[in-house]
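Down below is the structure, laid out as structure tokens.
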Amino acid sequence: MLFAHSYAFRYIWLVTASTIAGVMNAMAGGGSFLSFPAMLGMGVAPVQANATNTVALWPGQLTSLATLRGDIRKDLLMSIGITSVLGGVVGAEVLLHTQQRTFLHMIPWLMLVGTLLFGVSGWLGTWVRKRAEHPHAERKIPQFALACSLFPVCFYIGYFGAGGGFLVMTILAFFGMEEMHQLNALKVFAAMTSNFCAIVTFVATGAIEWRYCIVSMVFAALGGWIGARWARRVPGPWLRGFVVVTGLVISAWFFWRQA
């Protein structure tokens, strides 16, 4: 009886966390900080929980890309696409060959790194937007140098991913891209492609817990719909602050459990 109540509570939390994660991703990002621990709470092994969570949240990225497809710079599509494919596959393969215990010890550090990346993204976003206010002529970006710079980020996205999308946008800005809509569209494209290749790898190797994945996917989509409707009604700094505090608290909890 106690086990049944405990399982029911964890299932309710998975549904709740997935819905909130969808809202967070639609409004500010950082939904994995809730949905990934909830997947772990269902008793899924750490590596499989990360893979399953990636699949569950991916459809939201696809819908975002469909909305932003007109802003993608076609001249960079090939190099970013190839880099995203390679980085996503390699990152996923390394994840699947990581020992469960090793990955479990890495979780609090990965969560903390993702939280810090998300925290500084506000400051970096301000810098990017200021550059976009005074755009120069569109610069020719060296494709090979861009690919080499993006590969570690795409690898990270395939391996874990939290905060990786914004790193893509920051690298593109350092290479001279200034138009904000193009930056955002290419960020979504790189993250979605890296995650898709990781997903194909996860599915091919049987790393997905589909009974939890489908539930999380449905309610994350519901949360995304809710978040899209409310995105402009909640101040951005409040959303970012909530995500950062959530990430820090969950990171601290994982560190405490491993102490």
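Scanning segment 77-104 for residues that are in a helix (DSSP H, G or I) and farther than 17 Å from Ile157 by Cβ gives Leu77, Met78, Gln100, Arg101, Thr102, Leu104. Scanning segment 60-108 for residues that are open to solvent by 40 Å² or more (accessible area, probe 1.4 Å) and β-branched (Val, Ile, Thr) gives Thr63, Thr67, Ile82, Val85, Val89, Val90, Val94, Thr102. If we scan segment 197-218, do we find a residue that is open to solvent by 20 Å² or more (accessible area, probe 1.4 Å), over 16 Å from the mean Cα position of the chain (by Cα) and at pLDDT below 85? No, segment 197-218 contains no residue that is open to solvent by 20 Å² or more (accessible area, probe 1.4 Å), over 16 Å from the mean Cα position of the chain (by Cα) and at pLDDT below 85. In segment 3-13, is there at least one residue being under 14 Å from Tyr212 (Cβ atoms) and either basic (Lys, Arg) or at pLDDT below 80 (or both)? Yes, that holds for at least one residue.
Entry remark, segment 242-257: residues being among the small types (Gly, Ala, Ser) and open to solvent by 30 Å² or more (accessible area, probe 1.4 Å) number 1 in total. When you check Ala190 against the structure, is it in a helix (DSSP H, G or I), out of contact with any strand residue (DSSP E or B) (no Cβ under 6 Å at 6 or more places or on another chain) and either open to solvent by less than 20 Å² (accessible area, probe 1.4 Å) or in contact (Cβ under 8 Å) with a residue 60 or more places away in the chain (or both), yes or no? Considered against the rule, which asks whether it is in a helix (DSSP H, G or I), out of contact with any strand residue (DSSP E or B) (no Cβ under 6 Å at 6 or more places or on another chain) and either open to solvent by less than 20 Å² (accessible area, probe 1.4 Å) or in contact (Cβ under 8 Å) with a residue 60 or more places away in the chain (or both), Ala190 comes out as yes.
How about segment 30-89: which of its residues are over 16 Å from Gly161 (Cβ atoms), among the β-branched types (Val, Ile, Thr) and modelled with pLDDT of 85 or more? Scanning segment 30-89 gives Val44, Ile80, Ile82.
Across segment 220-230, not a single residue is classified as more than 22 Å from Asp75 (Cα to Cα), in contact (Cβ under 8 Å) with a residue 40 or more places away in the chain and not in a helix (DSSP H, G or I). Does segment 48-62 contain at least one residue that is farther than 16 Å from Ala198 by Cα and either in contact (Cβ under 8 Å) with a residue 24 or more places away in the chain or more than 11 Å from the chain's Cα centre (by Cα) (or both)? No, segment 48-62 contains no residue that is farther than 16 Å from Ala198 by Cα and either in contact (Cβ under 8 Å) with a residue 24 or more places away in the chain or more than 11 Å from the chain's Cα centre (by Cα) (or both).
In this entry, Phe9 is excluded by the filter for residues that are under 21 Å from Ser194 (Cα atoms) and aromatic (Phe, Trp, Tyr). Residues in segment 173-187 that are part of a helix (DSSP H, G or I) and open to solvent by 10 Å² or more (accessible area, probe 1.4 Å): Phe174, Met180, His181, Gln182, Asn184, Lys187. When restricted to residues that are open to solvent by less than 10 Å² (accessible area, probe 1.4 Å) and assigned to a helix (DSSP H, G or I), segment 25-51 contains 9.
The values are calculated or read from the model by the stated rules, or taken from the named source; none is laboratory data. Just so it is clear, the structure is predicted and the values come from calculations on it, not from any experiment. Cβ coordinates were reconstructed from backbone atoms using ideal geometry, including for glycine residues, and neighbour counts include every protein chain displayed. When the accessible area is computed, the model is the full protein with side chains, heavy atoms only, and any ligands, DNA or RNA have been set aside. Shrake-Rupley method; radii C 1.70, N 1.55, O 1.52, S 1.80 Å.
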